[in-house]
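*Asks:* Pasting a structure below so you can have a look.
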Amino acid sequence: MNAVVTNESNTPALVATGLRKVFAGPRGPLEVLSGVDLVVPRGMLLAIVGASGVGKSTLLNILGALDHATSGTLEIAGQRVESMGERERCQLRAARLGFVFQFHHLLPEFTAEENVMMPMLLAGRDQARARERAREVLGQVGLRERELHHPSELSGGEAQRVAVARALACDPELVLADEPSGNLDGASAAGLHETLSSVSRERHQTVVLVTHNDRLAGLADRVMRLESGRLIPA
């Protein structure tokens with residue numbers, strides 16, 4: 001387990017209060033989230049578990065400002081999200097958040113190094129500094145020797161570790177991972193789990209991940225279960 005590290009102001013990385021999400025369905029409104037409350041201190045690795053279809057990915061998309069809650073409030077690093085316009089939300093995601101999804105979504109025509117550089121270049125960072133930083137984070141996830149390889153030349157586990165490096169490239173305050181090992185075989189999944197745990201511990205990185213994998217959840221500082229639209233201790 002990692003030690004939870006907070007900054008001097010002790011502002012949590014994320015605070016959610018009363019989050020509800022209701023979808024329109026053929027038989028009427030469908031409430032997926034019915035009042036989620038969550039506080040994530042800086043430096044914590046939090047795992048959210050639950051049965052398939054209970055709304056884990058929906059919750060993660062809301063926590064990452066990719067989707068809107070029907071009601072409730074959300075603060076990321078002290079910034080209120082629900083009142084932001086789409087441009088402000090995009091800026092928030094680019095500046096403060098990193099994402100890792102079940103599929104790595106690497107750009108096939110670029111090398112591992114170039115894929116990791118991409119978010120930094122989009123943020124306006126100098127190319128030489130972006131390349132230096134990309135090599136640094138690829139080294140941190142154990143891919144220093146694979147930085148010039150294209151995605152087609154990487155294993156599934158290696159490609160997903162490149163995706164982790166890309167998520168970390170801009171030094172986000174919060175990393176959100178949605179079933180990051182769900183598309184990997186057992187050995188590759190185990191390697192990715194160790195990478196995420198190590199990165200969180202060594203970098204004091206705040207990570208919120210959704211998983212059905214008990215082994216990955218067992219590496220977290222805290223495990224919460226999404227059940228009946230609410231988060232409860234697992």
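*Asks:* Restricting the search to segment 118-139, which residues are hydrophobic (A, V, I, L, M, F, W, C), part of a helix (DSSP H, G or I) and in contact (Cβ under 8 Å) with a residue 12 or more places away in the chain?
*Replies:* MET118, MET120, LEU122, ALA130, ALA134, VAL137, LEU138, listed by residue number.
*Asks:* Another question, if that's okay. When the residues of segment 149-173 are filtered to those that are touching a residue at least 60 places away in the same chain (Cβ under 8 Å) and in a loop (DSSP other than H, G, I, E, B), which remaining residue is nearest to GLU75 (Cα to Cα)?
*Replies:* Across segment 149-173, the extreme among qualifying residues is GLU173.
*Asks:* Does segment 67-83 contain at least one residue that is closer than 28 Å to GLY218 by Cβ and not in a loop (DSSP other than H, G, I, E, B)?
*Replies:* For segment 67-83, residues closer than 28 Å to GLY218 by Cβ and not in a loop (DSSP other than H, G, I, E, B): present.
*Asks:* Failed condition for GLU88, given (1) at pLDDT below 95; (2) surrounded by 17 or more Cβ atoms within 10 Å (Cβ to Cβ); (3) more than 15 Å from the chain's Cα centre (by Cα); (4) not in a loop (DSSP other than H, G, I, E, B), with all others met?
*Replies:* Tallying (1) at pLDDT below 95; (2) surrounded by 17 or more Cβ atoms within 10 Å (Cβ to Cβ); (3) more than 15 Å from the chain's Cα centre (by Cα); (4) not in a loop (DSSP other than H, G, I, E, B), GLU88 fails exactly one: (2).
*Asks:* Condition first: touching a helix residue (DSSP H, G or I) at 6+ places or on another chain (Cβ under 8 Å) and under 23 Å from GLN205 (Cα atoms). Now tell me which residues in segment 45-66 satisfy that. Quick ask: steps written out before the conclusion?
*Replies:* Going through segment 45-66, the residues touching a helix residue (DSSP H, G or I) at 6+ places or on another chain (Cβ under 8 Å) turn out to be 45, 47-50, 64-66.
Listed by number, the residues that qualify are LEU45, ALA47, ILE48, VAL49, GLY64, ALA65, LEU66.
*Asks:* Name the single residue, out of those in segment 162-206 being in contact with a Ser or Thr (Cβ under 9 Å, 6 or more places away or on another chain), of a type in the set (Ser, Thr, Tyr) and surrounded by fewer than 24 Cβ atoms within 10 Å (Cβ to Cβ), that is nearest to ARG135 (Cα to Cα).
*Replies:* The selected residue is SER200.
The values are calculated or read from the model by the stated rules, or taken from the named source; none is laboratory data. These figures come from a predicted structure and were not determined experimentally. Quick reminder, even Gly has a Cβ in these numbers, built from the backbone with ideal geometry, and neighbours come from all protein chains shown.
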